[in-house]
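One structure is given below, encoded as structure tokens.
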Amino acid sequence: MAEFTSHEQADIIFMYGRADGNASLARRLYQERYPNRRVPNVRVFSNTYRRLSESGIHHAEHAVNPGRHNVNVEEQILAAFEADPTTSIRVVARDLNLSIWKVWSTMHNEKKYPFHGTGVQGLEETDPARRIRFCRFLLNADIDDAWFLKSILWTDESKFSREGITNFHNLHEWADKDSNPNWKKQISFQRQFLINVWAGVIGRTLVGSHILPDNLNGQNYLEFMINDLPMLLYDAEVPILDTDRPITFQQDGCPAHLAVSVREHLNRCFPGNWIGRDGPIPWPARSPDLTPLDFSVWIRVKELVYTTEITTREELLQRIEAAFEIMKQEMQMKVTTTEVRNRCKKCIRNDEGHFEHQQ
């Protein structure tokens, strides 16, 4: 950006103030007032105001700008980020008594960019070996039987609340640079409600949704398995039901799933052919990244449910039902085949078992 004299910058700030912070209007006012001058780019108005607000220093040729083109200062900035790559521009600026603009521009010129981390499930000491063992079993079974992955009924429960899951890093509203909408999202409501939703997926067929009791235990989960699950599979028109091929039932290690009566029922309905904790095919604990419900279905459903704020339990139920209808149309076979294979391979390649940060 071309430099402007102190007098020109004072006029730029004056016009920016007259325009009440509207940079486009400020540029027009400046052009009308000073027709014989070069007209600054619209960004100059807001940038000049920001620099002056943050550091009290302008960019005129004769201005004294401590830290500008100062190799020692730039080395201090880079050293601060090298010592702690997770620190922030604001913290470094405060510690080195510099403007935020100076720190940001130094990092930008050095082609340094902030990368956000990925939250992963905490693992116990014995978890990685069990996860890798399970992944190898799936991959080998898939090689031996091309229909194996397509015949797994993956199941899971997820709770939906009034607040939903809020990731403020991804919350934003696009607007003109000089027109901050200052929008807000309400959280921490005094009047709360919670809905426990069960769903399953087999091949490209989404089964459910079905509302379970808020406090799931072995008894009411068994009642669901006996009374509701067969009808849900029938209503979903699961293609495999019209063949002689058995379904492989999968569930995670939720306490309700571990009830003796539940496991006895699974042994009767899916003899030697169900995946779960203490099942004939052991499910590795703390492995939501391996089930399509967690890495695909719930993410998309909640994205649809929480597009806008929810005020009543009835509205939340309607949103969940509508989201599942959309998801049933969007569901693709590759989620339960290609994506499962890829995740199993990545889990094996990473000795720790974590791989979602590389997705």
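Readers should treat all values here as calculations from the given coordinates under stated rules, not as data from a laboratory. Model, not experiment: these values are computed from the prediction. Cβ sites come from the backbone with ideal geometry, for glycine too, and all protein chains shown count toward neighbours.
Observations, loosely collected:
- Using the Cβ-Cβ distance between THR5 and GLU163 with R0 set to 45 Å, the FRET efficiency works out to roughly 0.25.
- Simple spin-label estimate for THR307 and ASN342 gives 2.6 nm between the two label positions (7 Å along the Cα-to-Cβ direction from each Cα).
- The slack between ASP214 and TRP147, meaning 0.36 nm per residue of separation minus the straight C-alpha distance, is 20.6 nm.
- Separation of alpha-carbon centers, segment 296-356 and segment 231-283, rounded to whole Å: 21 Å
- For the pair ILE13 and ARG28, the difference between a 0.36 nm per residue extended length and the Cα-Cα distance amounts to 4.1 nm.
- Measuring r between the beta carbons of GLU314 and LEU78 and using R0 = 51 Å, the FRET efficiency lands at 0.35.
- Derived scalar couplings between HN and Hα for segment 304-311 equal 6, 5, 9, 5, 9, 5, 10, 10 Hz in order, rounded to whole Hz, by the Karplus curve 6.51 cos²θ - 1.76 cosθ + 1.60 (θ = phi - 60°), x for Gly and Pro.
- Förster-model FRET efficiency, 30 Å R0, PHE193 and ALA129, C-beta, rounded to 0.05: 0.15
- Segment 66-115 - percent relative contact order, Cα under 8 Å, separation 6 or more: 33 percent
- Taking a Cβ cut-off of under 13 Å around GLU32, the surrounding Lys, Arg, Asp and Glu residues balance to a net charge of +4, with basic ones at +1 and acidic ones at -1.
- From phi via Karplus (6.51, -1.76, 1.60), per-residue ³J(HN,Hα) for segment 88-97 in Hz, x at Gly/Pro: 10, 4, 4, 5, 5, 4, 5, 5, 9, 6
- Under-5 Å amide H pairs with ILE275, H placed in peptide plane, nonlocal only: PHE249, GLN250, GLN251
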